[in-house]
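Working notes, beginning with the structure itself.
Each reported figure results from applying straightforward, stated rules to the coordinates on display, with no laboratory input. Keep in mind the model is a prediction, meaning the values are calculated, not measured. With ideal geometry, Cβ positions are generated from the backbone for all residues, glycine too; neighbour counts draw on all protein chains shown.
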Amino acid sequence: PSPLLELNDLRMHFPIRKGAFRRVVGHVKAVDGVSLRVEDGETLGIVGESGCGKSTLARTVLRIYQPTSGEIRYRSRSGGTVDLAALSGSALDEIHRDLRIVFQDPQSSLNPRLPVIDIIGEVLGVNGIAKGRELEHRVADLMQSVGLRPEYMHRYPHAFSGGERQRIGIARALASNPRLVIADEAVSALDVSVQAQTINLLQDLQEQFGLTYLFVAHDLSVVRHISDNIAVMYVGRVVEKAPTEQIFSRPLHPYTEALLSAVPIADPRMRRHGQRIRLAGEVADPAHPPPGCAFHPRCRYATELCKQEVPGLRTVTADGHAVACHYAESLTLNPFADRIIPE
Ligand code: SF4
Ligand code: MG
């Protein structure tokens with residue numbers, strides 16, 4: 001069968017306007033030619049530093065933005081495939097039941113003036129799923145599935161902890177019986193222990209409801225345990241995509257190597273030794289990306305060729321490991337070279 005979601009050469013360029021006549025003087029190429037497939041029940045992690053375009057990609061898939069070009073192929077419940085990029089009006093509203101998002105900051109994404117029953121119930125009401133007593137029952141069920149006590153449904157968001165508020169956000173996302181949930185830095189603002197609990201909860205819910213996840217985060221260690229596959233983004237493009245264990249054991253892109261080098265070591269028997277790979281400078285400005293490989297000003301392997309030619313995303317192994325680097329086959333990357341295991 002076709003994948004649940006397939007992005008084909010997706011672009012989201014925001015015009016930059018200047019002067020009295022609001023003339024377009026350039027474009028911020030936040031998403032610049034992304035192609036990805038997401039299978040049913042899969043969790044695809046999307047990582048990169050902030051400013052790499054991952055949140056814009058998430059919002060474009062949800063059609064919060066109208067993409068500049070490209071396709072968002074989605075396999076609907078009837079089995080047919082629709083291009084979300086070309087949908088509008090009620091057809092889009094219908095799809096919005098299937099595709100839901102959980103935001104980073106429940107503090108600002110939950111209305112502080114509404115009790116939980118209304119925050120979650122709104123989605124049930126708007127979509128004609130339930131009302132009255134039935135709505136109350138559904139809200140109670142949803143609260144229970146995310147580990148919240150239904151008797152608190154008349155409380156307001158401020159009465160809950162950060163982790164609990166994120167659970168309210170998750171329950172709200174689940175209220176319309178979605179198939180695809182996008183978690184945009186959904187655990188990034190939480191303490192490490194609460195992060196782990198929330199990730200476990202998301203995994204349980206995935207199994208229970210047969211969900212597919214796009215899990216967006218800036219931190220590789222956060223996506224590691226939940227993702228089947230990981231796509232690494234840099235300045236609007238996917239620079240590497242592979243099964244999770246391959247990203248960690250055999251990264252092929254120098255940017256991934258640098259991101260991995262920053263991942264903390266959980267195992268106390270391992271300790272750091274020598275130099276870590278430091279990422280010099282900042283993510284390139286997507287309004288003025290460097291010529292050639294956008295990563296070249298920060299890449300320790302860059303050559304003259306890298307400054308001139310854009311490396312395309314190429315599949316380099318039989319299991320679908322894809323990378324956009326001119327030297328993927330010849331570089332020997334080892335983000336853990338500076339780590340020794342004493343015993
Ligand atoms: Fe570095 Fe060149 Fe590869 Fe880009 S193409 S990641 S600059 S080696
Ligand atoms: Mg973001």
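Kirkwood hydrodynamic radius, the chain, all distinct C-alpha pairs: what's the number in Å? Can you show the working numbers first?
On the way: mean 1/r = 0.0464 Å⁻¹.
Value: 21.5 Å, from the Cα pair sum.
From most to least packed by mean Cβ count within 10 Å, the peptides 226-233, 9-16, 323-330, 299-306 give 226-233, 323-330, 9-16, 299-306.
Using the Karplus relation 6.51 cos²θ - 1.76 cosθ + 1.60 with θ = phi - 60°, the per-residue 3J(HN,Hα) values for segment 214-229 come to 10, 10, 9, 7, 8, 10, 4, 5, 6, 7, 3, 7, 10, 8, 7, 10 Hz, with x marking Gly and Pro. Counting charges near ALA140 (Lys, Arg +1; Asp, Glu -1) among other residues having Cβ under 15 Å from its Cβ returns a value of +2.
Around the amide H of GLU42, modelled in the peptide plane, lie the amide H atoms of TYR213, all under 5 Å away and 5 or more residues distant in sequence or on another chain.
The H on the amide N of ILE101, modeled in the peptide plane, is under 5 Å from the matching H of ILE182, each at least 5 residues off or on a different chain. For ASP32, the residues 5 or more places off, or on other chains, whose built amide H falls under 5 Å of its own are MET12, ARG237. Residue by residue, segment 21-36 carries 3J(HN,Hα) couplings of 9, 6, 5, 6, 10, x, 9, 8, 8, 5, 10, 9, x, 9, 10, 8 Hz when phi is fed to the Karplus relation 6.51 cos²θ - 1.76 cosθ + 1.60 (θ = phi - 60°); x denotes Gly or Pro. Using only Cα atoms, tell me the angle between helix 162-174 and the longest principal axis of the chain; keep it within 0 to 90° and round to the nearest 10. Taking the Cα atoms of the chain, the angle to 162-174 is about 80 degrees. Seen against the Cα atoms of the chain and their longest principal axis, helix 116-126 is set at about 90 degrees. In order along segment 41-54, the phi-based Karplus estimate (6.51 cos²θ - 1.76 cosθ + 1.60, θ = phi - 60°) of 3J(HN,Hα) comes to x, 7, 10, 9, x, 10, 10, x, 5, 5, x, 8, x, 5 Hz; Gly and Pro are listed as x.
What is the chain's relative contact order, in percent, from Cα pairs under 8 angstrom and six or more apart in sequence?
Working: 643 pairs, mean separation 65.3, N = 343.
Relative contact order comes out at 19 percent.
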